[in-house]
1. With both partners inside region 261-381, how many of the DSSP beta bridges are antiparallel, as a percent to the nearest 5?
2. So, for region 182-222, what is the accessible surface per residue at a probe of 1.4 Å, expressed in square angstrom?
3. Quick one: which residues, 5 or more positions from GLU225 or on another chain, have an amide H under 5 Å from its amide H? H modelled 1.01 Å from N in the peptide plane, none for Pro or chain starts.
4. So what is the calculated 222 nm ellipticity per residue for the chain, using -39500 (n - 2.57) for each DSSP H run with n of 4 or more, over all residues, to the nearest 500 deg cm²/dmol?
5. Restricting attention to region 135-200, which GluC sites (Glu not before Pro) occupy a DSSP loop and are surrounded by at most 10 other Cβ atoms within 10 Å?
6. Not counting ligands, DNA or RNA, and with a 1.4 Å probe, what is ILE210's accessible surface area in Å² rounded to the nearest 10?
7. If you put +1 on each Lys and Arg Cβ and -1 on each Asp and Glu Cβ, how big is the dipole of region 255-381 around its Cα centre, in Debye rounded to 20?
8. Quick check on the chain: of the DSSP beta bridges with both residues there, what percent are antiparallel, nearest 5%?
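The values are calculated or read from the model by the stated rules, or taken from the named source; none is laboratory data. Predicted model only: the values in this text are computed from it and were never measured. Don't worry about glycine lacking a Cβ; one is built from the backbone with ideal geometry, like all the others, and counts go over all protein chains shown. Side chains included, ligands, DNA and RNA excluded: accessible areas come from the protein's heavy atoms. Shrake-Rupley method; radii C 1.70, N 1.55, O 1.52, S 1.80 Å.
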Amino acid sequence: MTQRIVVVGGGTGGTVVSNHLASGLVSEIDAGDVEIILVSDDTKHVYKPVFLYVPFGLAAVEDGVRDMGELLDNRVTFVTNRVRRVDTERKRLVCQAGDEEIPYDKLVLATGSKLDPDAVPGLKDGAHHFYSAKGAEKLRDALADFDGGRLVMSVVGMPHMCPAAPLEFTFIVDDWLRNHGLREQTELVYTYPMPRSHKKPEIAAWADPIFEARDIRVETEFVVEMVDSDTQVITTRSGDELDYDLFVGIPPHRGDEMIIESGLGDEGWVEVNPRTLAATAVPDVYALGDTAALSIPKAGSAAHFQAFTVADRIAAEVRGQTPTKLYDGKTVCFVETGLDHATFVSFDYDHAPTMRRPSKPIHWAKQAYNESYWLTATGML
């Protein structure tokens with residue numbers, strides 16, 4: 001009997017795990033003993049880190065988009081549909097189009113994060129962001145019209161994708177304003193909803209001296225309650241107000257509604273064993289990337305490393321072997337510190353973040369990785 005492995009989600013985690021499974025189970029697939037199906041509601045694969053550069057004219061949205069057909073191993077069956085619910089008792093996916101049902105023996109959930117600006121009154125109309133294609137392009141146009149004033153970069157919701165990106169934007173926009181002769185007439189403000197400037201204390205300790213050296217005002221414990229786009233005023237939960245001329249606010253994120261509808265996670269995040277990434281509530285289900293409720297950041301590199309663990313464990317299981325591969329929490333992130341300098345941070349479950357001195361070579365390395373990411377998605381890196 002053919003064992004069917006179904007992956008839901010065509011982002012980094014879903015694409016990498018599908019390709020790694022296909023390359024690791026070649027003989028089983030060719031013999032008809034295993035089938036791999038990737039289900040996504042979009043025929044495009046989006047590499048979201050590119051959006052950080054769009055507001056500054058350093059990249060176009062199209063640079064971060066490829067057809068799924070270009071990236072998937074030809075042994076993977078690609079299905080375009082929206083999964084409405086997982087019936088874990090019958091081990092079937094209930095899809096939106098045509099009420100199609102897809103049975104599975106092993107299921108991998110890689111449904112990612114969704115932006116939820118409506119969670120904060122006024123945020124959708126009052127704030128720009130760069131976490132989507134449309135948002136990045138609108139922010140590009142707003143920056144082009146900006147001639148000075150108060151520019152606020154605010155982390156509104158947590159957790160959110162790519163936790164380093166708000167820092168990166170702040171440091172890049174500081175350089176960008178200087179290059180455009182606008183820094184002297186601009187007050188640059190960075191806000192964070194925790195008592196420090198970043199969730200990871202080691203990263204906050206690294207960033208704070210840079211903020212001070214660049215005259216960037218930092219407001220911590222700044223929890224946005226509402227935004228008035230007419231008066232251009234941000235109101236916090238404590239009742240404080242901050243007016244702005246340009247507001248860049250990272251919206252709250254939520255998990256996929258399908259996860260909630262399926263009873264796999266109240267907030268759309270799936271509880272998993274942090275080492276095996278197996279769902280704790282039901283058998284034969286894994287979750288990775290943003291979908292997994294883990295203590296580590298919702299970062300693409302984490303999804304990449306997790307995909308190898310999940311693929312190796314499933315491959316062992318379908319062969320009747322004992323899976324031994326574990327995920328150690330490894331996360332590696334480049335962090336731009338301006339237009340031409342960057343650093344990178346690495347950590348795992350057992351080791352605190354380590355920051356490197358920013359340099360031009362590390363910036364070039366990040367740019368090179370952005371170009372070669374597509375090899376990562378195909379499983380070649």
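1. If we restrict to bridges inside region 261-381, about 85 percent are antiparallel.
2. That works out to 51 Å² per residue.
3. Close amide H contacts, sequence-distant or interchain: THR235, THR236, ARG237.
4. -8500 deg cm²/dmol, from helical runs alone.
5. Details: sites: GLU137, GLU168, GLU184, GLU187; in loops: GLU184.
Taking region 135-200 and a limit of 10 other Cβ atoms within 10 Å, the loop GluC sites (Glu not before Pro) found are GLU184.
6. 30
7. Roughly 720 debye, rounded to the nearest 20.
8. Details: 30 of 66 bridges.
Percentage antiparallel, nearest 5: 45.
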